[in-house]
Amino acid sequence: MAAALDGGDVACIQLRLKDVSDDDIRRACDILRPVAQDRDVAFIMNDRADLAAELGCDGVHVGQDDTPYDDARRLVGDEAIVGVTCKADRDLAFDAGERGADYVAFGAFFPSTTKEITTPADTDILTWWQELMTIPCVAIGGITVDNCETIIEAGADFLAVGGGVWNHKDGPGAAVKAFNEKMAG
C-alpha cells in the first residue's frame, strides 16, 4: 500500500473487507490506517460506520444495503467523510446530496472482479451530475488505466480503483502514477 500511495496523488484509501470478523477488520485497520494517514491520505471504512468511528478512520463509505446515511453521519460525526453508493440511480444521488453526503459514487461502469454488478451505469450519469451539482462524484466498478479515459471525460471527480491498482502489470505505484497522468490529461 505504501508503494501505491507513493506513486502519486491519492485522495482516499477504503478498507473493504467482506466476510471477516470485526477483530480481523480492527487488526487490518490498525496496520493500514497509519500508512495512509501518515501520507495525508484519508482512510475510510467500507460499510461499517460503527467501526470507522471506533478505529479513528477519516470516514465511511456506505452502500444502499448498509448503515443509512443519517445513522452513518451520526456515528462518525460532522467532520468525517461520508460517501454513498448510488449505483446508477439519480434519485438516490439527489437524496444523498440533500442529506449532506461528502460524495456520491456511481457505477459499476465496467465488469469487476471485486463484486457482482447488479446495476451497470452509463457515463452520462457523471455528466448529468456535474451539470447540476457541486458535490463530487466517484466512478466505481472495473476501472483500469486502460479504460478510465471515458469515465474521466464524462466528469468523474475521483476514480475508485481496486484491481486497477493492485493488479497493474507494473505494480501499484506505477498504476497510481498512470492514473494521475490520465486525470491530469
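Every number in this text was worked out from the coordinates using simple rules, so none of it is lab data. On a predicted model such as this, the values are computed, not experimentally measured, just so you know. Positions of Cβ are backbone-derived with ideal geometry, glycine not excepted, and every protein chain shown enters the neighbour counts.
Things worth noting here:
- If you check Val161, Val176 for being part of a helix (DSSP H, G or I) and either in contact (Cβ under 8 Å) with a residue 60 or more places away in the chain or closer than 30 Å to Asp6 by Cα (or both), only one passes: Val176.
- Within segment 46-60, if we keep just the residues that are touching a strand residue (DSSP E or B) at 6+ places or on another chain (Cβ under 8 Å), within 16 Å of Ala36 (Cα to Cα) and not β-branched (Val, Ile, Thr), the residue that is surrounded by the fewest Cβ atoms within 10 Å (Cβ to Cβ) turns out to be Leu55.
- In segment 68-90, the count of residues that are closer than 29 Å to Glu181 by Cβ, in contact (Cβ under 8 Å) with a residue 24 or more places away in the chain and over 16 Å from the mean Cα position of the chain (by Cα) is zero.
- One residue alone among Asp40, Asp23 is out of contact with any strand residue (DSSP E or B) (no Cβ under 8 Å at 6 or more places or on another chain) and part of a loop (DSSP other than H, G, I, E, B), and that residue is Asp40.
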